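One structure is given below, encoded as structure tokens.
Bear in mind these aren't lab numbers, they're just calculated from the coordinates by the rules spelled out. Because the structure is predicted, anything quoted here is derived from the model rather than measured. Positions of Cβ are backbone-derived with ideal geometry, glycine not excepted, and every protein chain shown enters the neighbour counts.
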């Protein structure tokens, strides 16, 4: 786990030859980010139009000052939940079927009988606690079952989480939801506010000493062994106390602007999850939500992970190894990323705890964000401007895997880079033994055009989905209260639950604010 909690390891699932079983490999989601750039895309233009407009409008400065009013209609919030008393559960627990109502004397599984004390007649009427069974009338919102209109199939109780504050039922996936496809919210061009570096000894510095420059020669290198240095690899330590988020908040206190008009403070990883859920409905996730002084702090929460096999650890290391290979090493005996400079008979040591993080401000729809984004390296363009480059690794593609790569991996690449304004991505494609086969440089703005004709996904849909989620979330939380936001794939919904604690790093941050 990264010390900043910024980006998780990218799990790579790929098909082997027919005689081999499909195996899941963990690829390091190497993080880097951005400089202030302009990404030219307009997701609302007809496909036949070749000329594209700038997604970041020319009046961007005026837009940044606008009030928090979304152009998209936010989802309807659920009514306040009042949990029934014990006797209400007893009365509602009868078996109501398709033709009969729920209640103490409800009909059978397939209905036909009259409802009991609170049951509906013939399944068409329903009283306060009617319903139950298959096809029966629905009970109140907080007692509805996923498989029926009312209680559990055939009657029976549904467990109610008393910490539930609000829920958001999601619609169709991606651009199958017409409401998301019709309008892309306005997005403010990301701008860098500050930065900080974490070094091998654990010290944190509010400067860019941990940032490395991209090495152009890597684009022409083939056969490099990414296993080199694996035996001395220093893996990422668990950040159980949230110290990584504390570093981001400390950087904001020292170098950042006042948070009076900022709606959300977070690591980019949380935004990656939310935007990605527009299309990815199979991966569960959760994050802490804490509103203080009108600003909502989103706290990264890791889901439990299984112990990695030796091969999975190697796949994870290959991402760090490519990061070392693709960056210039400093003249000192130890480079910024903890890797020894490449010299004859000199041991290579890669430390995954070393990182450089940029602090970025942007705006999606009506909401302003300040986020921390871990960066891998930078380069200087012909115009003399510094831009960040995202580094990735992936198994070499073939006819069987290219569609999945464009549908799933490129979506993740684009979201991560677009949010922070990173213009270019360099991906090292390797074989099953961890040797580089080829290296490709991609333009962030061209990725969407690459998948547009195949209708795999649309960046504007991800932004529209996120806009709705943030409108719902910000409108549901209350000042000085703590919550857990989670996505439940099986139920296809977001849940906001009450929490009884706030991370110490946030509490300390608030105490030190003026």
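Among 467-474, 456-463, sorting by the average number of other beta carbon atoms lying within 10 angstrom of each residue, highest first, gives 456-463, 467-474. Estimated from the Cβ-Cβ distance and a Förster radius of 25 angstrom, the FRET efficiency linking residue 401 and residue 283 is about 0.80. Legend: calculated FRET efficiency, residue 454 to residue 383, from the Cβ-Cβ distance at R0 = 56 Å, rounded to 0.05, equals 0.95.
Per-residue extension of 0.36 nm, minus the Cα-Cα distance of residue 220 and residue 179, leaves a gain of 10.3 nm for this segment. Within the stretch 399-427, which residues have the backbone N less than 13 Å from the label spot 7 Å out from residue 443 along Cα→beta-carbon, could you tell me? Inside the label zone: 423-425.
Once the Cα-Cα distance is subtracted from the 0.36 nm per residue extended length, the residue 213 to residue 429 segment shows a gain of 75.7 nm. Taking packing as the residue-averaged number of other Cβ atoms within 10 angstrom, the listed peptides 370-376, 440-446 run from highest to lowest as 370-376, 440-446. The stretch between residue 294 and residue 206, if pulled fully straight at 0.36 nm per residue, gains 29.1 nm over its current Cα-Cα span. What is the list of residues in the stretch 277-303 whose amide nitrogen lies under 17 Å from a point 7 angstrom out from the Cα of residue 479, following Cα to Cβ? 290-297, by backbone N distance to the label point.
Packing, as the average of other Cβ atoms within 10 Å across residues, places the peptides 262-271, 217-226 in the order 262-271, 217-226, highest first. Taking the fewest neighbouring Cβ atoms within 10 Å as the starting point, the ordered list for 488, 259 is 488, 259. Under 20 Å from a label point 7 Å along Cα→Cβ of residue 161: give me every residue in the stretch 259-273 with its amide N that close. Once the point is set 7 Å along Cα→Cβ of residue 161, 270-271, 273 turn out to lie under 20 Å by backbone N, inside the stretch 259-273.
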